[in-house]
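Below: the structure, in structure tokens.
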Amino acid sequence: MSILPQPLRQALKHVVQGLSNALPGSCLLCAEDSGSRVICADCLAELPGMPPQCCPSCAEQTSYGERCGACLHKAPHFDKVVAGFRYDFPVDRIIHSLKYGHQLSVAEWLGERLSTQLTASDHDLIIPLPLHPARLLERGFNQSMEIARALGKALNRPVEYHHLQRTRSTRPQADLPHKERHKNVAGAFECRKDYTGQRILLVDDVMTTGSTLNECARILKIHGAETVSVAVAARTLKH
């Protein structure tokens, strides 16, 4: 019996691993039986949730649910933030499986989870954070768009993704110090629709400093949005 060359064996290994990951009924984290759920009940119970006391504007953790110092110093352009989880292990692994492992079922699960924290009647439409065309071509999909689709389905709200566009490619925010992130995204977005009087829900996968979402909210409000709320799968907290 002939022995397969090393490159072919390695390629087959990746195929088998990909098929294994795609098999339904196994938890993404522990691989135990989870029925139709992406995450089994035991793992779900262990995921890091958001603290009970958060800033009403940006969802940063505060002692008594008061507005945080940063928002008092300079109010953000968005009106409030709703986050599904704290961005910590193993939530980071779950989101990486979506962004870099193309596990699109994770986006549907995240959207459904977020929908339980939102009231449909508070929002007229949903807009995902756009990717620059070059980044979209490289990744093949927009993870925020996939979460927004699931959220729109759960809330029965329209999802728009053509009118808010990222027109300037920027360095990844994670590569920059927090103080430089605002400058990095300034002027990176354009809006091509009048949203006068509309209550918009802006969706992203992870919020850290909020600079990118804040810039998008600023542009949407320039184009008439009455309110811009933010929904993210996970929120990085300082404390």
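The values are calculated or read from the model by the stated rules, or taken from the named source; none is laboratory data. Since this is a predicted model, take the numbers as computed values, not measurements. Using ideal geometry, Cβ is built from the backbone for each residue, glycine included, and neighbour counts are taken over all protein chains shown. Just so you know, the surface numbers come from the protein's heavy atoms only, side chains and all, with ligands and any DNA or RNA stripped out. Shrake-Rupley method; radii C 1.70, N 1.55, O 1.52, S 1.80 Å.
When the range 220-239 is limited to residues that are surrounded by fewer than 19 Cβ atoms within 10 Å (Cβ to Cβ) and assigned to a helix (DSSP H, G or I), the one that is modelled with the highest pLDDT turns out to be K221.
Against the list (1) open to solvent by less than 20 Å² (accessible area, probe 1.4 Å); (2) at pLDDT below 95, the condition L201 fails is (2).
For the range 48-80, the set of residues classified as in contact (Cβ under 8 Å) with a residue 40 or more places away in the chain and open to solvent by 20 Å² or more (accessible area, probe 1.4 Å) consists of P48, M50, P51, Q61, P76, H77, D79, K80, listed by residue number.
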